[in-house]
1. Would you mind stating whether K353 is under 43 Å from the mean Cα position of the chain (by Cα) and of a type in the set (K, R)?
2. Residue check: is E100 farther than 25 Å from E230 by Cβ, open to solvent by 40 Å² or more (accessible area, probe 1.4 Å), assigned to a helix (DSSP H, G or I) and touching a helix residue (DSSP H, G or I) at 6+ places or on another chain (Cβ under 6 Å)?
3. Does T237 count as of a type in the set (S, T, Y), out of contact with any Leu (no Cβ under 9 Å at 6 or more places or on another chain), at pLDDT 80 or above and under 20 Å from L165 (Cα atoms)?
4. State all residues of the stretch 288-320 that are hydrophobic (A, V, I, L, M, F, W, C) and open to solvent by 60 Å² or more (accessible area, probe 1.4 Å); if no residue qualifies, say none.
5. If only one of V194, V188, V208, V244 is out of contact with any helix residue (DSSP H, G or I) (no Cβ under 7 Å at 6 or more places or on another chain), part of a helix (DSSP H, G or I) and of a type in the set (A, V, I, L, M), which one is it?
6. Six or more apart or on different chains, Cβ atoms under 7 Å: show the pairs whose first residue is in the stretch 189-205 and closer than 19 Å to R63 by Cβ and whose second is open to solvent by 70 Å² or more (accessible area, probe 1.4 Å) and of a type outside the set (G, A, S).
7. Could you say whether any residue in the stretch 326-346 is open to solvent by 70 Å² or more (accessible area, probe 1.4 Å) and not in a helix (DSSP H, G or I)?
8. Filter the stretch 60-104 for residues that are farther than 19 Å from I185 by Cα and without any contact (Cβ under 8 Å) to a residue 60 or more places away in the chain; which is nearest to the chain's Cα centre (by Cα)?
Amino acid sequence: MATLSVKPGQRFTLPDWHTNSHLISADAERQRSASHQVRQEAQALRNETNNQTKWDEHDNCTRLAERISSVNRWKETLDKCLADIDAEIDALAKVKEAAERALQAKNLPLDVSIECLTLRESRRAIDVVRDPVEEELHKEVKVIDKAKRELQQRVNEAFEQLCLLQEARQQLSCDHRCKMEALEIDRVCLSLSVNSPNISFKVNPTRVPDGSTALDEWEQTSQCNKEHAEAEMKASTELREGTVLAIAQTNNELEAQRVATEFALRKRIRDLERAYDELKWQEQNTLEEIAEMEAEIRRLEEDLRRKMQDVKVAHTRLETRTYRPSMELCRDQVQYGLTDEVHQLEGTIRALKQKLAESQDALDALYRQLHRIRTDSGHKANSLVLDNKCVDSRRKLVVPAEEFVPEVDAFNRTVNRALSPLRNGQLERA
């Protein structure tokens, strides 16, 4: 006869059971209340800190924008000052060269005068007389010597002034480069956000860097550089005006060569423009073909995914039909049809994969060709810019130095020449 087995162990009373349940419920209630309080406090703290962080960031972004605007104003001032001083350097250099040519040109008249005086020393007897011709020759020698001394003094002063201008320009250029770097850094800082990939913790970021300057000192330095450059330019202008008054400019010796060179240069520019336009046309067509090829690849991949799903369906059907009972497990038309479908799909998948690989290879080839086109286009764009700068620079050959004021890029010391709308757009795409 079977007996009821009794599990050994302690037995609790029903009140103990109820008491334990009440304790668990009370503890749960207390824990939920405490958790609710913590959640409320956390929510309040999050709101407060989020608002504080948001306003702090907004204030600093505003300060950064104001600082960028301030530095950019000084950069534009230095741009203009650099352009002016570059123009003044070019103008003074031309005047100095003209003074040197005029000084060189005085050698022949002086030699002729001295030769005449020497020849006249061969006179004999009573003919050795101080006549008006000799007096005029001596006066001519004195006038030429005086002119040479004045021109030499002007050349020396121009050389010294060029050195002073170069020194002032160096200071401006250094200040300009520093402001360009500061602008770039501040613009990067302004563009940073919590989603930026290059943010990280830094060691002691709140330190005051060595060599830091006060805001007044920073502005005073740029102001001093500007005033120094303006003073040197004013002195140079006065020197140029005084030098121009002492010499005569009659130099048209290289006009024919200048015309021939400019003709060849302009012809080269036209050839470069045609080649550049052809490359841009090829680039546009290649980009269109790349877009179509990428779309076709996406369609091939989608078809391949669908075919894989179709294979799964056919495989599943075949596998499921293997569980038919007894005589029902026959090789019927469905069996043959599903088998043919699997083979057909497998062949289709192989063909799609092969075509996808060919399409990828073709796309890679298109990208390589696009890179070649863009590289060559960049080379030709650079050649166009350089040749156009050459055309602008050669204006100095036909415009008098005292009237020539080139439109100079203060940072690169290149001439800013506006391109036509079509060519400008092409260069931007390049």
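1. Spelling it out, K353 is indeed under 43 Å from the mean Cα position of the chain (by Cα) and of a type in the set (K, R).
2. Spelling it out, E100 is indeed farther than 25 Å from E230 by Cβ, open to solvent by 40 Å² or more (accessible area, probe 1.4 Å), assigned to a helix (DSSP H, G or I) and touching a helix residue (DSSP H, G or I) at 6+ places or on another chain (Cβ under 6 Å).
3. No: the conditions fail for T237.
4. M308, V313
5. V188
6. Qualifying pairs under 7 Å: L192/I199.
7. The answer is yes; a qualifying residue exists.
8. Going through the qualifying residues, I end up with E97.
The values are calculated or read from the model by the stated rules, or taken from the named source; none is laboratory data. This structure is a prediction, so every number in the text was calculated from the model and none was measured. Positions of Cβ are generated from backbone atoms using ideal geometry, with glycine treated the same way; all protein chains shown enter the neighbour counts. Ligands, DNA and RNA are stripped out before the accessible areas are found, and what is left, the full protein with its side chains, is counted by its heavy atoms. Shrake-Rupley method; radii C 1.70, N 1.55, O 1.52, S 1.80 Å.
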